[in-house]
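Below is one structure, written out as structure tokens; the observations come after it.
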Amino acid sequence: MKCLYCNAPVFGRDGITIAGKGPAHQKCYQADQALKRTFQHLKISELNDQELVELKDLILAEENDRKRSDDDDGIELF
């Protein structure tokens, strides 16, 4: 079986199967995903400028909320 990306043989722990496509090396697949700027099936490069700004705002809000939750000891000081 050959890698979808580099056409080298795929075997052992280095290989994965991409659903609906076929075998690939883990490193080849990860490099391809990074170049496509894809995360969890979200194609970031296809977002328009406004959608990208909204996504950034959502991410910052989530990070702030998680940080607040981690720092929260149940006592609120004024």
Quiz item: Residues of the stretch 1-39 being on the phi < 0 side of the Ramachandran plot, under 14 Å from the mean Cα position of the chain (by Cα) and not in a helix (DSSP H, G or I), which ones?
Solution: T38, F39
Self-check item: Every pair of residues 6+ apart whose Cβ atoms lie under 9 Å, when the first sits in the stretch 30-52 and is in contact (Cβ under 8 Å) with a residue 60 or more places away in the chain while the second is of a type outside the set (K, R) and open to solvent by less than 80 Å² (accessible area, probe 1.4 Å)
Solution: none
Self-check item: Selection within the stretch 40-60 - surrounded by 10 or more Cβ atoms within 10 Å (Cβ to Cβ) and not in a helix (DSSP H, G or I)
Solution: L42, K43, L47
Self-check item: Complete set of residues in the stretch 12-30 that are of a type outside the set (D, E) and touching a strand residue (DSSP E or B) at 6+ places or on another chain (Cβ under 9 Å)
Solution: G15, I16, T17, I18, G22, P23, A24, H25, Q26, Y29
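I want to confirm something. Restricting to the stretch 17-33 and keeping residues that are aliphatic (A, V, I, L, M) and within 10 Å of C6 (Cβ to Cβ), which single residue is modelled with the lowest pLDDT?
That would be A31.
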Quiz item: For the stretch 1-39, how many residues are among the hydrophobic types (A, V, I, L, M, F, W, C), open to solvent by 80 Å² or more (accessible area, probe 1.4 Å) and within 29 Å of L52 (Cα to Cα)?
Solution: 3
Exercise. Could you list, in sequence order, all residues of the stretch 27-68 that are among the hydrophobic types (A, V, I, L, M, F, W, C) and closer than 30 Å to R13 by Cβ?
Key: C28, A31, A34, L35, F39, L42, I44
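The values are calculated or read from the model by the stated rules, or taken from the named source; none is laboratory data. Predicted model only: the values in this text are computed from it and were never measured. Glycine also receives a Cβ, built like all others from the backbone with ideal geometry; neighbour counts cover every protein chain displayed. Please note that ligands, DNA and RNA were not included when accessible areas were found on the heavy atoms of the full protein model with its side chains. Shrake-Rupley method; radii C 1.70, N 1.55, O 1.52, S 1.80 Å.
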